[in-house]
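Below is one structure, written out as structure tokens, with a few remarks after it.
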Amino acid sequence: MKLLVINAGSSSLKYQLYDMTDESVLAKGLVERIGMDSSILTHKPTGKEDVTEVSEILEHTTAIRKVLDKLVDPECGVLQSVDEIQAVGHRVVHGGEAFKGSALVTGDVKSEIRRLFDLAPLHNPPAILGITAAEKNMPNVPQVVVFDTAFHQTMEEKVYLYPIPKVLYKKHHIRRYGMHGTSHDYVSKVAAEVVERPLEELKIITCHIGNGASLTAVQGGVSVDTSMGLTPLEGLMMGTRSGDVDPAVVTFVMNKEELSISEVNSMLNKHSGLLAISGSSSDMRDITDGMEAGEPNATLAFEMYEYRLRKYIGSYAAAMNGVDVIVFTAGVGENSAVVREKVCENLTYLGVELDPELNKVRSGDPRRISTPNSKVDVLVIPTNEELVIARDTFRIVQENK
Ligand code: AMP
């Protein structure tokens, strides 16, 4: 079966075409600047030259039509006909409490995703645009939705509730949901393969640290705690997001600086984190370069980032009463040897022993970076959220045949 995975943003659309007979990627690409002048389509067919095309793409339906044109193009295409695509899988950030797993798209499913707009105002509306656009272009092809939150629906009430009046949970569904579920799910399963032990008996801490960052405690293959909450703002210090702050900071700043709700939201989501402390960049590469050059603000930003990450690892080891495996993934986790080194330097009390040479190796494969004596296996595992979406889409379509 060939299937298309779509990750729609408000002005962008990423895609990957899979052949599920061997899970190979036939083509992938990205449409950027949808709805602006000069939209850019970058198409990367496997084994052929990449193509970049600039045109006017005003909305997502046209974006998908252009992608399908590229997929069957005699020069850069990989299909004879669009009819070869037998399913479409969509990434949806927020599935609330309604979705404990992936689902076949129906009218009810779309209504439920719309009901969740309040909880994910930036992310769920573009997902609906992507689904509608795919339905218009491929009306008879089954569509599946895969949620970032679903993996964390196994968290217990004591973990997901905030200690605030319970009526707020009942009325507005205010609770912790967690994000990056497909990534935490994927890397924890690969981790069990790497250490050659059954997933069911492992206590794993998965550190998905990219632009957005979250940690998950995965015990027996299920998420028992995760650092993001109602929204992707809670938890770790990130590129531009603050992560945890005293909630009173919000009202205090609003009062002192006369900020509106959207201004304070923007401050915490877009102008905080590494960017705020370094004063120059949200990118870990710039921060570590600055630190190496002795720049004090970059050094402080790095130290705060590493310290907060390490505290979370410690708290998840406490939550599970131990840890067998720590996994680093996503942009920073996969690429920054210095972040991994500094975090692990202060985890010796858990029995963590990093191999400095293995930590420096650059590779796109899952790998162990701890010594054979280390009580905890420390792994670097490149994440693959698209593959999880493709696998779930394949499974759900087979189940609903
Ligand atoms: P992601 O959101 O997973 O795509 O991660 C993107 C982030 O990864 C970037 O903003 C960088 O901060 C970080 N990153 C990518 N490459 C490197 C690298 N070689 N060293 C340190 N950080 C990196």
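The values are calculated or read from the model by the stated rules, or taken from the named source; none is laboratory data. Note that the structure is predicted; figures quoted are calculated from it, not measured. Reconstructed Cβ throughout: ideal geometry from the backbone, glycine too, with neighbour counts over all protein chains shown.
Of all residues in the stretch 367-387, one or more are over 30 Å from residue 146 (Cα atoms) and within 16 Å of the ligand (Cβ to nearest atom). Of all residues in the stretch 222-248, those satisfying the criterion of being more than 13 Å from residue 272 (Cα to Cα) and without any contact (Cβ under 8 Å) to a residue 24 or more places away in the chain are 246, 247, 248.
Got at least one residue in the stretch 357-376 being in contact (Cβ under 8 Å) with a residue 24 or more places away in the chain, in contact with a Ser or Thr (Cβ under 7 Å, 6 or more places away or on another chain) and more than 14 Å from residue 186 (Cα to Cα)? So far as the stretch 357-376 goes, yes, one or more of its residues are in contact (Cβ under 8 Å) with a residue 24 or more places away in the chain, in contact with a Ser or Thr (Cβ under 7 Å, 6 or more places away or on another chain) and more than 14 Å from residue 186 (Cα to Cα). Among the candidates 298, 317, the residue that is crowded, with 18+ Cβ neighbours inside 10 Å, touching a helix residue (DSSP H, G or I) at 6+ places or on another chain (Cβ under 9 Å), more than 18 Å from residue 187 (Cβ to Cβ) and in contact (Cβ under 8 Å) with a residue 12 or more places away in the chain is uniquely 298.
Consider residue 284 carefully, then state whether it is among the hydrophobic types (A, V, I, L, M, F, W, C), under 18 Å from residue 236 (Cα atoms) and at pLDDT 95 or above.
The answer is yes for residue 284.
When residue 195 is tested against (1) within 16 Å of the ligand (Cβ to nearest atom); (2) touching an Asp or Glu at 6+ places or on another chain (Cβ under 7 Å), just one condition goes unmet, and that condition is (1). You will find that of 363, 336, the residue that is surrounded by fewer than 18 Cβ atoms within 10 Å (Cβ to Cβ), within 23 Å of the chain's Cα centre (by Cα) and within 16 Å of the ligand (Cβ to nearest atom) is 363 and no other. Close Cβ contacts (under 6 Å, 6 or more residues apart or on different chains) running from residues in the stretch 328-348 that are touching a residue at least 24 places away in the same chain (Cβ under 8 Å) to residues that are within 12 Å of the ligand (Cβ to nearest atom) and hydroxyl-bearing (Ser, Thr, Tyr) comprise 329/383; 330/383; 338/288. The set of residues in the stretch 261-275 that are more than 22 Å from the chain's Cα centre (by Cα) and within 15 Å of the ligand (Cβ to nearest atom) is empty.
Within the stretch 140-191, the set of residues being more than 12 Å from the chain's Cα centre (by Cα), among the charged types (D, E, K, R) and not in a helix (DSSP H, G or I) comprises 156, 166, 175, 176. Looking at residue 343, is it at pLDDT 95 or above, under 20 Å from the mean Cα position of the chain (by Cα) and either closer than 22 Å to residue 218 by Cα or within 16 Å of the ligand (Cβ to nearest atom) (or both)? Spelling it out, it is not the case that residue 343 is at pLDDT 95 or above, under 20 Å from the mean Cα position of the chain (by Cα) and either closer than 22 Å to residue 218 by Cα or within 16 Å of the ligand (Cβ to nearest atom) (or both).
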